[in-house]
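J.: Handing you a structure now.
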Amino acid sequence: MSSAIQVWNPDDWELFAFRLLQGRHGALHVHKIPAAHKGDYGIDYYCTGDSVAYQCYAVEEPIDISTRAERQKKKINADLYKFIKNNEEISKVFLNMPIKHWILLSPLHDSKEVNIHCAKKTKDLRDAGCASFDPMIEVMIQDPSAFPPDIVAQGISALSEVTLSVPSPSQSEVDTWTAGSSNLLANATHKLRKRATSDQLDSLVAETVKFFLQGNALLDALRSGSPDLHEKVISAIKMHVRRLEFAGPKASGPAGRILHAELDALIATIRAAAPTLSNENAEQVAYGSISEWIMRCPLDFPHAE
């Protein structure tokens, strides 16, 4: 499946970026320039010791690569205009030390077109001939992959809410999985006959497969990007499975009633264990996990509707 993308609001991204930069430069060496009073000069944070200025920018996700790149290039243009215009004032906060780097810090950098644009803007800055800038000043773009994983994980663990955008699997991805999982598919079909009428069965099985793949993609993204949160979610799922295996479904009766009860219970368990995971993501994980239980064990429906 396509990679999950973390969805940021600008304030959360700026605070998260601050933690990344503290990890890189040291907690006492990163300064913030507030934008509330007379603008931010095209800088959000800076480090005088390393002569580097940072601007934070998170586009509204999910969007495609080319749109993301265009918005990042526009942001670079707008802030470097302010950076050049206010270079004399900026020099004061840098203690008159020439600035060596201007870096756009974004959640995701995935287009070489932005690199090419940064090279062009690097030439523009050098040609400007400002005494505030090092003659070899460089414009760059970076994302969290430029930082050690432990620093990234610590920053994410401190967020008030983590939201990942996980695309629904494509038909080709579903077909590939289906071709190699005939036993699981047959098991799901057998169980879901107790939930759906014959004309609904195929679409319900297909939806179950999509829930399973999307839930797994979300868990994979949490594992790599937020290990602590991933561990909490997995522990919550395992706890629910143990109870289900020991005591059986929470509800009795028709399959629909059992599914509703298990989904509600698992979502509540995940939210309690991982309160910083968004409600939407908690539901996606629950749907994916229960879909897996339908294809494997321990969930079955003893009564047809």
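Nothing in this text is a laboratory measurement; each read-out follows from the coordinates by a stated rule. Predicted model, so just to flag it, every value in this text is computed and none were measured. So basically every Cβ, Gly included, is an ideal-geometry build from the backbone, and we count neighbours across all protein chains shown.
J.: Okay, helix-only estimate at 222 nm for the chain: each DSSP H run of n ≥ 4 adds -39500 (n - 2.57), divide by all residues, round to 500 deg cm²/dmol; what do you get?
T.: -19000 deg cm²/dmol
J.: Magnitude of the Cβ-charge dipole of the range 166-295, K/R +1 and D/E -1, about the Cα centre, nearest 20 debye?
T.: Roughly 540 debye for the range 166-295.
J.: What's the ranking of 200-208, 139-147 by average number of surrounding C-beta atoms within 10 Å, highest first?
T.: Going by the mean number of other Cβ atoms within 10 Å, highest first, we get 139-147, 200-208.
J.: In the range 166-295, with Lys and Arg counted as +1 and Asp and Glu as -1 at Cβ, which of these residues, L192, G215, H240, has the Cα nearest the positive end of the dipole, that is, farthest along it?
T.: H240
J.: What order do you get for 117-127, 214-224 when each peptide is scored by the mean count of other beta carbon atoms within 10 Å, highest first?
T.: Sorting 117-127, 214-224 by mean packing, highest first, produces 214-224, 117-127.
J.: For a footprinting-style exposure proxy, rank M295, M239 by other Cβ within 10 Å, fewest first.
T.: The order, fewest Cβ neighbours first, is M239, M295.
J.: How many lysine pairs does the range 166-295 hold where the Cα atoms are under 18 Å apart and the two sit 8 or more places apart or on different chains?
T.: Eligible lysine pairs with Cα atoms under 18 Å apart amount to 4.
J.: Under 11 Å from a point placed 7 Å out from the Cα of S278 along the Cα-to-Cβ direction: which residues of the range 3-31 have their backbone N that close?
T.: 5-9
J.: For Cα extents along the principal axes in Å, one of (i) 69, 41, 31; (ii) 48, 48, 43; (iii) 79, 36, 29 was computed from the structure I shared and the rest are decoys. Which label?
T.: Computed from these coordinates, Cα extents along the principal axes in Å corresponds to label (iii).
J.: A further question follows. At 10 °C and 1.306 mPa s, what whole-number value in µm²/s does Stokes-Einstein give for the translational diffusion of the range 147-305, with Rh from the Kirkwood sum over Cα pairs?
T.: After rounding, the answer is 96 µm²/s.
J.: Follow-up question, since we're still on this one. Sorted by mean Cβ packing within 10 Å, highest first, what order do the peptides 13-19, 77-83 take?
T.: 13-19, 77-83
J.: Farthest toward the dipole's positive end in the chain, which of I116, V139, P227, given Cβ charges of +1 (Lys, Arg) and -1 (Asp, Glu) about the Cα centre?
T.: Of I116, V139, P227, it is P227.
J.: Going Cα to Cα from K85, which lysines come in below 27 Å? Please leave out same-chain ones fewer than 8 positions away.
T.: Straight-distance partners of K85: K32, K38, K73, K74, K75, K100, K120, K121, K123.
J.: Say we join alpha carbon atoms closer than 10 Å with springs in a Gaussian network model of the chain; which of D64, D12, D110 then has the biggest fluctuation?
T.: Result for the chain, Cα springs under 10 Å: D64 fluctuates most.
J.: Which FRET efficiency, nearest 0.05, do E245 and D64 yield, Cβ-Cβ r, R0 35 Å?
T.: Computed FRET efficiency for E245 and D64: 0.25.
J.: Further question on the same structure: If I stretch the segment between S157 and D202 completely, what's the gain in nm (0.36 nm per residue apart, minus their alpha carbon distance), one decimal?
T.: Computed gain between S157 and D202 is 12.2 nm.
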